[in-house]
Amino acid sequence: MRYELYYWPGIQGRGEFIRLALEEADADYVDVARGASHETGGLPAMMKLLNGKETATPPFAPPFLKAGRLIVAQTANILLYLGDRHGLAPTSEAGRSWAHQLQLTIADFVKEIHDTHHPVGSGHYYEEQKDEAKRFTAEFLRERLTKYLGYFEHVLTLNPRGEKFLVGARLTYCDLSMFQIIEGLRYAFPEAMRRYERRMPKLVALNERVAKRPRIARYLASPRRIPFNESGIFRHYPELDQAE
Ligand SMILES: N[C@@H](CCC(=O)N[C@@H](CS)C(=O)NCC(=O)O)C(=O)O
């Protein structure tokens, strides 16, 4: 079966957490909205599913994944689904729940990272909320970035199966998402991360381990991995990096 991934074209965004899982699984998928209308259906196909009356289980927002007739939305929920089907999640109930819990915490983190440049509202340009963004980011870099990254560093320390992965003895979708978080934060806040990274050696090692996985390395070198940019979730505004 060929999966259909639906996400805004032109940015990595939350779609990237799903792409990393699909790539590591070597799954057959099409990135629908990045394609031309006459080929994949393009953005109109995504808008049709979002706005139309095509399905009894409509997604609220991208990303969402179509697997045959099934439509799965919410990043953590999609990863739960893919994790089970492609060996990217533990098989025990306790392990699955722990991985899902970590992924939901990553989702909270992603929202706060997004809010560093849009603390007032997504409906307004960054330029209209620069002062608030600076205030929000100062607090974020001082308190929240350190709390979240410190938490995940601690989780690696606690893993009874060793410090190689967040959950259990094998790679899970949580490790792929943590890789994306670290890459994104390095892009958005290079100075702040340079200062903080010596306090998270296990996460840095995890990041390197994920980047070296053959399928991930192949993906990162491919045109499918589009660069971070200032329309996505992780944005580099030098004035925010200095906000602390
Ligand atoms: N909790 C959802 C958030 C989804 C979300 O916010 N998607 C963004 C793009 S990254 C969007 O298009 N939101 C539209 C909206 O919230 O109206 C998830 O993790 O997938």
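The values are calculated or read from the model by the stated rules, or taken from the named source; none is laboratory data. All values reported here derive from a predicted model rather than from experimental measurement. Positions of Cβ are backbone-derived with ideal geometry, glycine not excepted, and every protein chain shown enters the neighbour counts. What goes into the accessible areas is simple: the full protein's heavy atoms, side chains included, and nothing from ligands, DNA or RNA. Shrake-Rupley method; radii C 1.70, N 1.55, O 1.52, S 1.80 Å.
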Can you name every residue in segment 11-39 that is among the polar types (S, T, N, Q) and surrounded by fewer than 18 Cβ atoms within 10 Å (Cβ to Cβ)?
S37
Could you tell me which residue of segment 55-67 is nearest to L5 (Cα to Cα), considering only residues that are in contact with a strand residue (DSSP E or B) (Cβ under 9 Å, 6 or more places away or on another chain) and away from the ligand (no atom under 11 Å from the Cβ)?
K66
Considering (1) among the aliphatic types (A, V, I, L, M); (2) surrounded by 15 or more Cβ atoms within 10 Å (Cβ to Cβ); (3) out of contact with any Asp or Glu (no Cβ under 8 Å at 6 or more places or on another chain), say which one L156 fails and leave the rest.
(3)
Report the residue count in segment 1-49 for those that are part of a helix (DSSP H, G or I) and either touching a Gly at 6+ places or on another chain (Cβ under 7 Å) or in contact (Cβ under 8 Å) with a residue 24 or more places away in the chain (or both).
18
So if I check each of K130, K111, which one is within 15 Å of the ligand (Cβ to nearest atom), charged (D, E, K, R) and out of contact with any His (no Cβ under 8 Å at 6 or more places or on another chain)?
K111
Out of curiosity, is A211 touching a Phe, Trp or Tyr at 6+ places or on another chain (Cβ under 9 Å), exposed (fewer than 15 other Cβ atoms within 10 Å of the Cβ) and on the phi < 0 side of the Ramachandran plot?
yes
So which of E230, E244 ends up being open to solvent by 80 Å² or more (accessible area, probe 1.4 Å) and within 19 Å of M193 (Cα to Cα)?
E244
Scanning segment 1-10 residue by residue, the ones that are within 14 Å of L70 (Cβ to Cβ) and open to solvent by 20 Å² or more (accessible area, probe 1.4 Å) total 3
Residue check for A61: closer than 19 Å to F234 by Cβ and open to solvent by less than 70 Å² (accessible area, probe 1.4 Å):
yes
If M46 satisfies all but one of (1) within 13 Å of the ligand (Cβ to nearest atom); (2) under 18 Å from the mean Cα position of the chain (by Cα), what's the number of the condition it fails?
(2)
